[in-house]
Protein chains: 2
Amino acid sequence: MGPVSQVTAPPATLLRAFAQVMGEAHVLTGDAAAGFGVDWTGAFTGSPAAVLRPGSTAEVAQALRLCADAGLAVVPQGGNTGLAGGGVPLHGEAVLSLARLDGLGAPDPEASQVTAGAGVTLQRVADAGRGLDFGVHIASRASATVGGAIATNAGGLRVLRYGPMRAQLRGIEAVLSDGTVVSHLAGLVKDNTGYDYPSLLAGSEGTLAVVTAARLRLVPRAPDPVTAVAGLPDAAAVHELAQRAMREVPGLLSAEFFGQRGLAVLAERAGVAPPLAVPAPVYLLLEAAGPGAADDLAALVGDVPVAVAVTAADRARLWACRERHPEVAGFLGTALKLDVAVPAHRWVRLATGVAEVVAAADPGAEVIAYGHVADGNLHVNVVPAAPADGRHQDAVFSFVAGLGGSISAEHGIGALKARWLPLSRSPAELALFARIRRAFDPAGILNPHVLPR
Amino acid sequence: MGPVSQVTAPPATLLRAFAQVMGEAHVLTGDAAAGFGVDWTGAFTGSPAAVLRPGSTAEVAQALRLCADAGLAVVPQGGNTGLAGGGVPLHGEAVLSLARLDGLGAPDPEASQVTAGAGVTLQRVADAGRGLDFGVHIASRASATVGGAIATNAGGLRVLRYGPMRAQLRGIEAVLSDGTVVSHLAGLVKDNTGYDYPSLLAGSEGTLAVVTAARLRLVPRAPDPVTAVAGLPDAAAVHELAQRAMREVPGLLSAEFFGQRGLAVLAERAGVAPPLAVPAPVYLLLEAAGPGAADDLAALVGDVPVAVAVTAADRARLWACRERHPEVAGFLGTALKLDVAVPAHRWVRLATGVAEVVAAADPGAEVIAYGHVADGNLHVNVVPAAPADGRHQDAVFSFVAGLGGSISAEHGIGALKARWLPLSRSPAELALFARIRRAFDPAGILNPHVLPR
């Protein structure tokens, strides 16, 4: 997917200048660079003009100055686990890989914070301190990096408790396309001394600045979490139980929805064990921690069929039912991974109606839906039968827009959804985005094919 | 404080145009306008060129277009409870009062959200729904408004639990100086469809856009809170107990510091009853709610002298010791209200050292310090003996900057701290602020004397 434009290799003088900045071994072209042009799902393929692997913030700044002077467009890339094609060079841009910025400071237990380079994985942040954890918990945490997770404002499995990546930011260091380094890493809980540009960079998909480091909030590691999977008749029952869980289970960490069809595929193709002896149409996974969590969950579900796990192995088994859902559509074909959100009171409408609107556009398509019910978020994976010419997105995104929703809850716009952004944002907002963007990146070299310019 | 420049009244044609937009009764000049030129403490006094009181977002947009065309500078004003002079026309600007935008929607219990006009007080938001509360709890909540609280990113007494105003934003409506209305009020928990300008507007002190409405997160009303005031020997003991409270009391809502000197003034001048029979040098007020809160607090304080309150009247009596502290310096003279924050591990250094650095600059000055210990935040109220020529700010802010801190934790920069902003922000950051500002307000009419241009 996505047009691969003719790649013009940067002139040799420019490549030599990059090599002088970061060392020859870290300026890749040709075959050595090709791997950086493909996202992990294989859905987005481009050819990088070059791959730059700076080893420090100063090297990032020098590299960006060279790119701006040469008019060379740049796609910043972290762990390359994005799902919207925003981190691969679909139009022959250079890739600026932040993987080498992988320094992780000592956690400050008093502030419950740590400073991490852009290339540090979320798993390393989660493991940084004894008794501490990271609030953002996504399936790709072992390879997704701090920089990429900030650029896409990653959400995941514990947003209802800790918020998305933006809410974890206690400071940031970033480089503008003119080489300006802005840094604010002291780790203040409160700081009203001007504009909160860290919050703006969160979710900006590499279009405003290149994040090189962040000061991150850590959270107490939840003691003895309890995981439960309830089998339910329909999406309305899932929503109602999740709403009650939010009110009645103080230690709630996650509320995750999935269905029987995906579970059956996982059982058959990946050997995932079903959670309940008798299958249910849909499921709600709840996880909670702290004193009374097990009792609270038991009181909540009442006589609903439920599997409960407290040991790590049993919890992992239940979580596999939900966390391996992103693979389901891949077993069935090439997946369109859509990711939408609606206001809370519209979630049931979304979850029950989405298969129908897809069927109207492509009767042979299969829809696997799952996700973060407490956030009004649904991951809609579509396996098309008809050509993937945009008709599926048209159907799903128009439906979501009609419900007052967002065409991207947590994956970002990237290349995948650029066409449909006006469904979620007004012309006035899009014009403001362009104004903000020009202020940060007047050279127009940062991820130019992502978000409006 | 602050120079009052010669006020040039807008030409009669412009005043007539304003009157056509919002009605003659809502365009004030002369004596009728004067009250809008003074902040509630009386520390900042200006003379508005005119006062505009639009009654709708559309009227705000029309008024701003007229101002931009005429080059008339505008100070947006909410409840006028700011503490940094950012909401009064110190240089003869027009005041744009948002007080009439006081519509409050019905709360959505499922989403736990409400839409409020910029002129709605925080108290009304807190009272909007049965069983619901607002996460931002500040002393001035009965008159502080949603718009002003967003513009200053107000913090207050429950930041450790719910975060500041920025963290409550689920959407915003705002008007740019060219009359563009940007609106995103659907109330989505997750929405990664472009730049998060609501977060940027939070704390922007009216310099980027005029906030006209917001979609706000509501929180469950804490059932049966317990309030405790512990008497402690020194700031180190306060910090240590607050740190333990954050770890060991899951229902913690507030952790507030104050000292015996302020308490003695309040007892003498305002009849506030002391919390303990035997005075202590310093105090920590803790409030917690939820099952086990009373037991958790009792276990935490151990054999430290403590007053505990559970009835509303008793809790109010304990809270008065802390919430009336902002008045203390006013009883002693004209107060300089400084508001600083440092990283957690530096708070004791700040709390113990600040009186000394003030004494070095002005041996006769009195310092009353209190505040939000869990946030690394200290309100430093100075009653000068020497001329208030900036020496007190120099002393306090330089000390704070040396500790890696912020010269404004929650009040903003306004007019009071503009000179010292470079102590907290690098030249690169200040230059970025100016770039952002020009993108939002190319006409340069929004609060032009606040924050760098």
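Here are a few things to note about the model shown:
- Solvent-accessible surface of chain A, averaged per residue with a 1.4 angstrom probe and all protein chains in place: 35 square angstrom.
- Rounded, prolate or oblate (a/c below 1.5 giving rounded, otherwise prolate when a/b exceeds b/c) for region B:124-238 by Cα gyration tensor: prolate
- For A:S47, distant residues with modelled amide H under 5 Å away: A:G92
- For B:V308, the accessible surface of its heavy atoms amounts to roughly 100 Å² (probe 1.4 Å, protein chains only, rounded to the nearest 10).
- For the protein assembly as shown, DSSP calls about 85 percent of its internal beta bridges antiparallel.
- With a 1.4 Å probe rolled over the protein heavy atoms of all chains, the accessible area of A:E366, B:E268 falls in the order B:E268, A:E366, largest first.
- Cα-based helix-to-principal-axis angle, B:57-70 vs chain B, degrees rounded to 10: 60 degrees
- Take the Cα of B:R453, step 7 Å toward its Cβ, do the same at A:T45, and the gap between the two points is 5.5 nm.
- For region A:69-149: rounded, prolate or oblate by the Cα gyration tensor [a/c cutoff 1.5]: prolate
- The protein assembly as shown: radius of gyration and largest Cα-Cα distance (Dmax), Å: 27.6, 83
- Copy-to-copy label separations for A:V219, where each label sits 7 Å from Cα toward Cβ, in nm and ascending: 1.5
- Largest accessible area first, the residues A:M246, A:M22 order themselves as A:M246, A:M22 under a 1.4 Å probe with ligands, DNA and RNA left out.
- Within-10-Å neighbourhood charge of A:V114 [Cβ basis; K, R +1; D, E -1]: +3
- Relative contact order of chain B, defined on C-alpha pairs under 8 angstrom at six or more residues apart (%): 15 percent
- Solvent exposure of B:W319, expressed as accessible area, is near 20 Å², computed with a probe of 1.4 Å over the protein chains only.
- Estimated distance in nm for a label pair at A:E268 and A:V219, the labels positioned 7 Å out from Cα along Cα-to-Cβ: 3.6 nm
- With a 10 Å cut-off around each Cβ of B:422-433, the average count of Cβ atoms from other chains is 5.
- Nearest-first distances (nm) between copies at B:D102, label 7 Å from Cα via Cβ: 6.0
- Solvent-accessible surface of protein heavy atoms, probed at 1.4 angstrom with all chains present, puts A:H449, B:H379 in the order A:H449, B:H379, largest first.
- Residues with amide H under 5 Å from that of B:L338, placed H, sequence gap 5 or more: B:V380, B:N381, B:V382
- All-pairs Cα distance distribution in region A:316-407, expressed in whole percent, bin size 5 Å: 3, 15, 26, 24, 18, 10, 3, 1
- On Cα atoms only, tilt of A:260-270 relative to the major axis of chain A in degrees: 70 degrees
- On association of chains A and B, roughly 5500 Å² of accessible area becomes buried (total for both chains; probe 1.4 Å).
- Rel. contact order, % - alpha carbon contacts under 8 angstrom, at least six apart, region B:326-404: 40 percent
- This model, with +1 at the C-beta of Lys and Arg and -1 at the C-beta of Asp and Glu, gives chain A a dipole about its Cα centre of some 520 debye.
- Other copies of B:G333: label-to-label distances in nm, shortest first, labels 7 Å along the beta-carbon direction: 7.9
- Under the Karplus curve 6.51 cos²θ - 1.76 cosθ + 1.60, θ = phi - 60°, whole-Hz ³J(HN,Hα) for region B:222-234, x wherever Gly or Pro sits: 5, x, 6, x, 10, 10, 9, 10, 9, x, 9, x, 7
- DSSP-defined antiparallel bridges as percent of all bridges, chain A, nearest 5: 85 percent
- Estimated purely from DSSP H runs of n ≥ 4, each contributing -39500 (n - 2.57), the mean residue ellipticity at 222 nm for chain A is -9500 deg cm²/dmol once divided by its residues.
- In order through region A:190-207: 3J(HN,Hα) via Karplus (6.51 cos²θ - 1.76 cosθ + 1.60), integer Hz, x for Gly, Pro: 10, 6, 9, 10, x, 6, 7, 5, x, 4, 6, 5, 5, x, 8, 6, x, 9
- Heavy-atom surface analysis with a 1.4 Å probe gives chain B a carbon and sulfur content of 54 percent of its accessible area.
- Counting only alpha carbon atoms, the long axis of helix A:312-323 and the longest principal axis of chain A meet at about 70°.
- Simple spin-label estimate for B:D394 and B:E356 gives 2.1 nm between the two label positions (7 Å along the Cα-to-Cβ direction from each Cα).
- Summary value for region A:154-286: 27 percent relative contact order, contacts being C-alpha pairs under 8 angstrom separated by 6+ residues.
The values are calculated or read from the model by the stated rules, or taken from the named source; none is laboratory data. Computed from a predicted model, the values in this text were never measured in an experiment. Here the Cβ is made from the backbone with ideal geometry for all residues, glycine too, and neighbour counts use every protein chain on show. Just so you know, the surface numbers come from the protein's heavy atoms only, side chains and all, with ligands and any DNA or RNA stripped out. Shrake-Rupley method; radii C 1.70, N 1.55, O 1.52, S 1.80 Å.
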